[in-house]
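Q: Next up is a structure, given as C-alpha cells.
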Amino acid sequence: MFIRIRPLKKLGQSFLTNGRISRQIITCAKLSCEDTVLEIGAGHGELTGLIAENAGKVIAVEMDKKLCRLLHKKFYEFKNVEIIEGDILKLDIRKLTWGGKINPNCARTSRLKVVGNLPYYITTPILMKLFKEKDLVSHLIIMVQKEVAERMIANPGSKNCGALSVSVHYHAKVEEVFPVSKHSFYPRPKVDSCLMSMSMRRCAPVSVSDEELFFSFIKGIFGGRRKMLYNTISRVVSIDKKEVEKLLLNIGINPKARPENISLKEFADIFDLIK
Ligand code: SAH
C-alpha cells in the first residue's frame, strides 16, 4: 500500500514499514486518554492510527497534499483525529493548545506530547521550534537519524558534543530508546535511525539571563569547534584575546580548552561574565 504514492525525497519521506517498531513507539510514549498528541509528518497514517487508539486526541501534521487526502479518507470516521495540512515549522502550536482545539475531554492536559518519525531534513529546526514552545510540550518521542541522536545525547568531552547537545540538555532530559535499522523504512535511507525520548524541563538546569542571546553565543562558539576557547570567544564577541584569556582564568576555565569540553554550567558562567 505504500507504493501507490511515489515517495517525495525532497520532503524527507521515508516511511516506517516495520509494525513492531511503530507499536514500540506507542509503548514508549505511554499514552493515555488524557493525552493530546501532535504527530509530525503523519505520512500514510500508520502511526496516526495507533496513536488515535491510545490517546485522547491526535493532531497530525502533514505537508504532502496527496498524503493529506489519503489521511482524511482513512480517518474520516475517527472523532479524535485532526489532520492539518501544512508545514510544521510554520504551525502556531499555541493555537492548538489554547485556541479551543484541544479535546474537551482532555482539558487537563494542556501540554502536548509530540510523536513522529520526523522528516530528517528539518530535524534541528523542528527541535528548535519545540524548545521555543516548551511550555506547550511535555514529551517528545521522535525518530531521528543515528548521527543526530549521537549529537543530541553527547556530553562534554565527546567529539559529538556541539551546539545541538548543549541546547538539548538545557531544554530537556534526553534518552536514546533504541536503534532502528534503515531496513525498517521505505524508501530505505542511507543511514540507521534511533528513537529518542525527551521530557521537557520546566526549569532550566542553569540560569541564563537571555536565552536567545545565550544560544546564538553557543552557536558562534561551536562555529570554531577546533579552535581554542579564548580564540573563538574573542572572535564571537569581539573582545581582545588577552582580555578573554584573563576572564576565563578568573572563573577557573582553561582558555585553551576546546568548546566540546565545556559543560553547560561553564558556558552559562562564561556567558554571564562576558554579557
Ligand atoms: N510517520 C510516517 C512518515 C514519516 S516520513 C511513517 O513513519 O511512516 C516524514 C513525513 O514528514 C513525510 O510524510 C513527509 O511528507 C512529512 N513532512 C516533510 N516535511 C514536512 C513539514 N515541513 N511539515 C510537516 N510534515 C512534513
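Any read-out appearing in this document is the output of simple, stated calculations on the displayed coordinates, not a laboratory observation. Since this is a predicted model, take the numbers as computed values, not measurements. FYI the Cβ positions are ideal-geometry reconstructions off the backbone, even for glycines, and counts take in every protein chain you see.
Q: For segment 6-69, treating each Cα as an identical point scatterer without solvent, what Debye log10 I(q)/I(0) comes out at q = 0.15, 0.22 1/Å?
A: The computed values of log10 I(q)/I(0) come out as -0.47, -0.92.
Q: Oh, and also: Could you give the angle, 0 to 90 degrees to the nearest 10, between helix 211-222's Cα long axis and the longest principal axis of the Cα atoms of the chain?
A: Long axis of 211-222 versus the principal axis of the chain: about 70 degrees.
Q: So, one more: Using packing as a proxy for protection, rank 173-184, 115-126 so that the peptide with the highest average count of other Cβ atoms within 10 Å comes first.
A: On the way: 173-184: 14.9, 115-126: 20.4.
Result, highest mean Cβ count within 10 Å first: 115-126, 173-184.
Q: Run the helix sum for the chain: -39,500 (n - 2.57) per DSSP H stretch of 4+ residues, divided by residue count, reported at 222 nm to the nearest 500 deg cm²/dmol.
A: Details: 11 runs with 105 residues, N = 275.
Counting only the DSSP helices, I get -11000 deg cm²/dmol.
Q: Kindly express, to the nearest 10 degrees and within the range 0 to 90, the angle between helix 123-132's C-alpha long axis and the longest C-alpha principal axis of the chain.
A: The angle comes out at about 80 degrees.
Q: Give the distance, in whole Å, between the Cα centre of segment 5-64 and the Cα centre of segment 146-181.
A: Taking the Cα centre of each part, segment 5-64 and segment 146-181 sit 23 Å apart.
Q: Kirkwood Rh, Cα Rg: Rg to Rh for segment 9-200? Before the final figure, lay out each step's value.
A: Numbers: Rg = 15.7 Å, Rh = 16.7 Å.
Result for segment 9-200 is an Rg/Rh of 0.94.
Q: Hey, which of these cross-link pairs are over 31 Å Cα-Cα: 74/219; 113/265; 66/129; 65/129; 159/246; 173/275? Before the final figure, lay out each step's value.
A: Working: 74/219 43 Å; 113/265 28 Å; 66/129 26 Å; 65/129 23 Å; 159/246 26 Å; 173/275 27 Å.
From the list (74/219; 113/265; 66/129; 65/129; 159/246; 173/275), the Cα-Cα distance tops 31 Å for 74/219.
Q: In nm, to one decimal, how far is the residue 254 label point from the residue 202 one, both placed 7 Å along Cα→Cβ?
A: 3.9
Q: Could you sort the peptides 38-50, 246-258, 14-26 by per-residue average Cβ neighbour count (10 Å cutoff), highest mean leading? Intermediate results must be reported in sequence, preceding the final value.
A: Values: 38-50: 23.8, 246-258: 14.6, 14-26: 16.8.
Result, highest mean Cβ count within 10 Å first: 38-50, 14-26, 246-258.
Q: Suppose a student asked you for the relative contact order of the chain, using Cα pairs under 8 Å spaced at least 6 residues apart; what percent would you report? Intermediate results must be reported in sequence, preceding the final value.
A: Working: 455 pairs, mean separation 43.4, N = 275.
It comes to 16 percent, rounded to a whole number.
Q: Relative contact order (percent) for segment 211-274, with alpha-carbon contacts under 8 angstrom and 6 or more residues of separation?
A: Numbers: 53 pairs, mean separation 23.0, N = 64.
RCO, segment 211-274: 36 percent.
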